[in-house]
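Where a number appears in this text, it was derived from the coordinates with a stated rule and is not lab data. Everything numeric here is computed off the predicted structure, so don't read it as measured data. Cβ sites come from the backbone with ideal geometry, for glycine too, and all protein chains shown count toward neighbours.
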Amino acid sequence: MPKQLTFEEASAIVMQHIKARKWDKTNSTRGIAVSLSLEANELLEYFQWHDESFGSKEDMASELADILIYAIQFADRYEIDIPSAIAKKIEKQNKKYPVEIFEIEDEKERNKAWLEAKKNYKKDTTL
């Protein structure tokens, strides 16, 4: 089995690949964002008419890799530390959706509490 890569190692491989082809100079930020969305939609196609994917695990891994490659390239462009951004986002999610909501056994009550939390959360909309 091949060595498991860390996120940092995988990111370095992605950026080495991107820079060797000068895509860091030629791909627009808008193009990267559009490509990120398109790749996410390619993954979604596997679920278009089914609740379960009709693609293989390898198909899903390939599409997810495409998404992550564009996300890493986008993060590099804006000097975003992805692990820190994830930690910060999870912290916000913990405030928005307290774990106690998901401990409610009754599905109807749990959904009601989840919706109430969603409605009451004050999203930061400053630009």
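Brief remarks on what is shown
- Those GluC sites (Glu not before Pro) in region 50-79 that DSSP places in a loop and that have at most 12 other beta carbons within 10 Å: 52, 79
- Expected 222 nm ellipticity per residue - DSSP helices of 4 or more, -39500 (n - 2.57), all of the chain, to 500: -21500 deg cm²/dmol
- For region 63-119, the dipole from Cβ point charges (+1 on Lys and Arg, -1 on Asp and Glu) about the Cα centre works out to 360 debye, to the nearest 20.
- At q = 0.13, 0.18, 0.22 Å⁻¹ the log10 of I(q)/I(0) for the chain amounts to -0.82, -1.16, -1.20, computed by Debye summation with a single uniform scatterer per C-alpha, solvent ignored.
- Sparse-neighbour loop sites [GluC sites (Glu not before Pro); region 1-48; at most 10 other C-beta within 10 Å; DSSP]: none
- Net length available on complete extension from residue 60 to residue 100 is 11.2 nm, with 0.36 nm assigned per residue and the Cα-Cα distance removed.
- Sequence-separation-based contact order of the chain, relative, with Cα cut under 8 Å and 6+ spacing, percent: 21
- Exposed-loop-free span, longest in the chain, where trypsin sites (Lys or Arg not before Pro) count as exposed if DSSP calls them loop and at most 13 other C-beta atoms lie within 10 Å: 23-121
- Prolate/oblate/rounded label for region 82-122 (Cα gyration tensor, a/c 1.5): prolate
- Listed residue pairs exceeding 18 Å between alpha carbons, taken from 3/88; 95/122; 19/88; 19/57: 3/88; 19/88; 19/57
- Computed from Cα positions, the angle between helix 57-77 and the longest principal axis of the chain comes to roughly 80 degrees.
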